Amino acid sequence: ANYYSLAKLLVCAHAATMARLFSKMKFNAIEPGVVETDMTKPMLDRMGQQHPFEHMGYPTVPVEQGVKGYMHLIVGEVGSGAFYSCDCKRSHFGILRTPFVDPAYEGP
């Protein structure tokens, strides 16, 4: 079983549920990508700078880019109960959208 995917789905569902229950507050989920940090550098070095999701279009991003998604949710014009990727664009909970390549999800 892929526990990471299940955990990600549950975090997204929790954000959507909280957004419905507490409409005066904003709740969103974000996937920051694989961020180049002191913690991830040894892993990337062992893997030859390619992480497991890179073949699906998920890039390794510098810290400055990884932070942009969080900042977008804090100060940007966003709704509530949604899921965002490291490129600050909305994604679907269950459909893969390649950051920096695919357009933002426009559905409900």
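Near Gly79, once Lys and Arg are set to +1 and Asp and Glu to -1 for all other residues with Cβ below 14 Å from its Cβ, the sum equals +3. The angle separating the long axis of helix 63-75 from the principal Cα axis of greatest extent in the chain is about 0 degrees. Between 0 and 90 degrees, the angle of helix 3-21 with respect to the longest Cα principal axis of the chain falls at about 20 degrees.
Residues Asp87, Asp38, ordered by accessible area of protein heavy atoms at a 1.4 angstrom probe radius and largest first, appear as Asp38, Asp87.
Shown are Tyr70, Tyr4, whose ranking by accessible area with a 1.4 Å probe and every protein chain present, most to least, is Tyr4, Tyr70. Net charge within 14 Å of Gly66 by Cβ-Cβ distance, Lys/Arg positive one each and Asp/Glu negative one each, not counting Gly66 itself? Its environment carries a net charge of -3. Over the stretch 3-91, accessible surface divided per residue gives 65 Å², non-protein components excluded, 1.4 Å probe.
On the accessible surface of the chain, probed at 1.4 Å, how many percent belong to carbon and sulfur atoms?
The computed percentage sits at 64.
Cα gyration tensor of the stretch 3-91, axes a ≥ b ≥ c as square roots of the eigenvalues: rounded (a/c below 1.5), prolate (a/b > b/c) or oblate? Verdict is prolate for the stretch 3-91. Of all lysines in the structure, those lying under 24 Å Cα to Cα from Lys89, and not within fewer than 8 positions of it along the same chain, are Lys8, Lys24, Lys26, Lys68.
Only protein heavy atoms count here; on that basis, with a 1.4 Å probe, Ser23 has an accessible area of about 100 Å².
Given axes a ≥ b ≥ c from the Cα gyration tensor, I'd like to know whether the stretch 1-48 is rounded (a/c under 1.5), prolate (a/b larger than b/c) or oblate.
oblate
The values are calculated or read from the model by the stated rules, or taken from the named source; none is laboratory data. Predicted, not measured: the structure shown is a model, and the values here were computed from it. Heads up, the Cβs are rebuilt from the backbone with ideal geometry, glycines too, and the neighbour counts pull from every protein chain shown. For accessibility, only protein heavy atoms count, side chains too; no ligands or nucleic acids. Shrake-Rupley method; radii C 1.70, N 1.55, O 1.52, S 1.80 Å.
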